[in-house]
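The values are calculated or read from the model by the stated rules, or taken from the named source; none is laboratory data. What you see is a predicted model; the values in this text were computed from it and never measured. Every residue, glycine among them, receives a Cβ derived from its backbone with ideal geometry; neighbour counts consider all protein chains shown. Heads up: the accessible areas ignore ligands, DNA and RNA and are worked out on the full protein's heavy atoms, side chains in. Shrake-Rupley method; radii C 1.70, N 1.55, O 1.52, S 1.80 Å.
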Amino acid sequence: MRSFTLPQGVDALLITNLHNVRYLSGFTGSNAMLLLFGGTDAILYTDPRYTVQSARQATCKIRVATGTLAKAVLQDVARRKVVKLGFEQEHLSFAQVEGLRKALPSRAELVGLSGAIETLRMVKDAGEIARIRASVQTNSKALAQALKKLKVGMTEAEFAAEIDYQSRKLGAEGPAFDTIVAAGERAALPHAHPGPTKIGPGMLLIDMGAFQDGYASDMTRMVHLGPAKPKFRQAYRAVLEAQLAAIDAIRPGVKTSVVDKAARDVLKGYGMDKQFIHSTGHGLGLEIHEPPRIGRKDKTVLLEGMAITVEPGIYIEGWGGIRIEDTVLVTAGGCEILTPTSKELREL
Ligand code: ZN
Ligand code: ZN
């Protein structure tokens, strides 16, 4: 159990987001709530399917509920005389909040809180960093293995399946998100879903991530089947330069918007900033997308131990798109690019 300091104004905090439950208690089951009283004083609620697993994974008090978890929580709220019960307002439905409110002991009230655990999760500890490193290694090895099988005429869906297969064989629990394989002009869709399109001579965008030991990796690489034309080469160079400029800007104390601007300014120099239609990156960890966001208006200050992606891209309808993405760790002196896969333009 991780030690947790309660925010001011609450006597207990109810955690209902399962990633946050896992982060704090270590429990990975699919049905759980966690009631925090401060420090390591906490109660984990789950159902009888998880009696054995919860006892193995969590060191805090555990209540295996035979009714609803909320009912068991409410019993402890009454028993522990909680007056102000905090809850995660992003992670409880309106119906759940209303249900809790009606069943609360008469003196008690609900206090909605936002991002209390997500803020802590931004900075990774040594164990988390080790897991992200392992996930990144698996992801890069999976791409290298899958590329050995890549042939003109294969469909996007077949190649995506090959990537997922290799990733699992190398130790991933599964993909961190639906693997993106976009051939030719379909690369203009930043979140293209791999389909029956045949991979032809031309550009191929691959965006892939693994979950390993609960932690995500994320990488985008371009390959070009057959020799690339000058327009592709120039655009590739521009995106790579933008990506390197953003990485160069990463160090503790820098606002994420500054990192985003570094990438955007390079693309502006190439007249391509209008084609860069998303933010430069995002945090990752137990989830593939978690704070901080690396966007134009994001003011989060980078801290040592944050794990983020850097992934500028350009998208041109009818032509295609280019994105290059690494997983990066903020270190005391700047940053470390965790992704080992080369970013040199690969023509197969
Ligand atoms: Zn990605
Ligand atoms: Zn990403």
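A Gaussian network model of the chain, with springs between Cα atoms under 10 Å, assigns the largest mean-square fluctuation among Q137, Q212, Q57 to Q57. When the Cα atoms of the stretch 126-347 are aligned to their principal axes, the ranges along those axes come out at 48, 42, 24 Å in descending order. Which of K299/K343; K61/K169; K149/K261; K229/K268; K148/K198; K141/K231 have a Cα-Cα distance over 26 Å? The answer is K299/K343; K61/K169; K149/K261; K141/K231. Solvent exposure of the chain amounts to 44 Å² per residue of accessible area, where only protein heavy atoms count and the probe is 1.4 Å.
For R346, R121, give me the order by solvent-accessible area with a 1.4 Å probe, most accessible first, ignoring ligands, DNA and RNA.
Sorted by accessible area, descending: R346, R121.
Counting only alpha carbon atoms, the long axis of helix 69-79 and the longest principal axis of the chain meet at about 40°. Each residue of the stretch 97-108 was assigned a 3J(HN,Hα) from its phi angle through the Karplus expression (A = 6.51, B = -1.76, C = 1.60, θ = phi - 60°), giving 5, 4, x, 5, 4, 5, 9, 5, x, 4, 7, 7 Hz with x at Gly and Pro. Against the main long axis of the alpha-carbon atoms of the chain, helix 126-147 sits at an angle near 40°. In the chain, helices alone account for a calculated mean residue ellipticity at 222 nm of -10000 deg cm²/dmol, with every DSSP H run of four or more residues adding -39,500 (n - 2.57).
Quick one: order E344, E158, E98 from most to least accessible surface, probe 1.4 Å. Provide the component values of the computation, followed by the final result.
Working: E344 150, E158 100, E98 60 Å².
Descending accessible area places them as E344, E158, E98.
Heavy-atom surface analysis with a 1.4 Å probe gives the chain a carbon and sulfur content of 53 percent of its accessible area. Candidates A263, P312, A55 compared by Cα position along the dipole of the chain: farthest toward the positive end lies A55, with charges placed on Cβ. Ranking of L18, L329 by solvent-accessible surface, largest first: L18, L329 (1.4 Å probe, protein heavy atoms only, all chains present).
At most 11 other Cβ atoms within 10 Å and a DSSP loop assignment: could you name the trypsin sites (Lys or Arg not before Pro) in the stretch 224-320 that fit? List each step's numbers first, then the result.
Details: sites: K231, R233, R237, K255, K261, R264, K268, K274, R293, R296, K297, K299; in loops: R296, K297, K299.
Answer in residue order: K297, K299.
For the chain, a simple Cβ point-charge model (Lys and Arg +1, Asp and Glu -1, everything else neutral) yields a dipole of about 260 debye relative to the Cα centre. Measuring only protein heavy atoms, the 1.4 Å probe finds D265 accessible over about 70 Å².
The long axis of helix 230-249 is offset from the longest Cα principal axis of the chain by roughly 40 degrees. Legend: calculated FRET efficiency, S342 to I316, from the Cβ-Cβ distance at R0 = 25 Å, rounded to 0.05, equals 0.50.
Centre-to-centre separation between the Cα atoms of the stretch 186-238 and those of the stretch 129-156: 12 Å.
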